[in-house]
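A.B. asks: For reference, the structure I am asking about is given below.
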Amino acid sequence: MMKHWILISFLLVFFTSLATAETLTEDQLQVRVKEVAKTLRCAVCQSESVWESNAELAIQMRDIIRERLSQGQSPDEIRAYFVSRYGDFILLQPRAFVGMNWLLWGGPFLLLIVGGTFLFRTLRKWVAQTAPSPPEELSPIDERGRRRIEQELRSLESDK
């Protein structure tokens, strides 16, 4: 009796897994091929994706994508396959900060910082050279100078 329950349990689990297994219809496969092909660059007409290109190589690449998807490979594994054959160039969106890509992503900012620092130091030096020197300390006004200033002020008031 116990053997029957084990057999029934096994068959139930087996058929349940078969029923829930993902089977790709042609439409679903076409959608997945399109998703992967739109991320890859055509090696012949480099301004188009593999999906958009009608070059013979692009058609072959779409067939390879379809074949590998039907074998159960993930889109990332398929992209890795094409990168191993053609290099990072095959990807329409380059991977950031991998290999020399960090220089392409960070180079403009580095140049901006270096150029800004150079410009700041140069302008500061120019301003320091053209700034007037501070006036020498003035001596306090003596009594004679004070009387002269008062006299000039009175003459200005009388002219009005």
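The values are calculated or read from the model by the stated rules, or taken from the named source; none is laboratory data. Keep in mind that what you see is a predicted model, and the values were worked out from it rather than measured. Every residue, glycine among them, receives a Cβ derived from its backbone with ideal geometry; neighbour counts consider all protein chains shown.
A.B. asks: Is it the case that Leu69 is at pLDDT below 80, surrounded by 12 or more Cβ atoms within 10 Å (Cβ to Cβ) and not in a loop (DSSP other than H, G, I, E, B)?
C.D. replies: Judged against the criteria, Leu69 is not a match.
A.B. asks: Can you name the condition, by its number, that Ser49 falls short on among (1) surrounded by 11 or more Cβ atoms within 10 Å (Cβ to Cβ); (2) among the hydroxyl-bearing types (Ser, Thr, Tyr); (3) more than 13 Å from Thr39 (Cβ to Cβ)?
C.D. replies: (3)
A.B. asks: Please work out if Gly116 is loosely packed, with under 12 Cβ neighbours inside 10 Å, out of contact with any Phe, Trp or Tyr (no Cβ under 6 Å at 6 or more places or on another chain) and not in a helix (DSSP H, G or I).
C.D. replies: no
A.B. asks: Considering only the stretch 72-104, state which residues are in contact with a Phe, Trp or Tyr (Cβ under 6 Å, 6 or more places away or on another chain) and in a helix (DSSP H, G or I).
C.D. replies: Ile90
A.B. asks: Kindly list the number of the only condition in (1) surrounded by 10 or more Cβ atoms within 10 Å (Cβ to Cβ); (2) farther than 17 Å from Arg79 by Cα; (3) at pLDDT 85 or above that fails for Glu56.
C.D. replies: Among (1) surrounded by 10 or more Cβ atoms within 10 Å (Cβ to Cβ); (2) farther than 17 Å from Arg79 by Cα; (3) at pLDDT 85 or above, Glu56 violates only (1).
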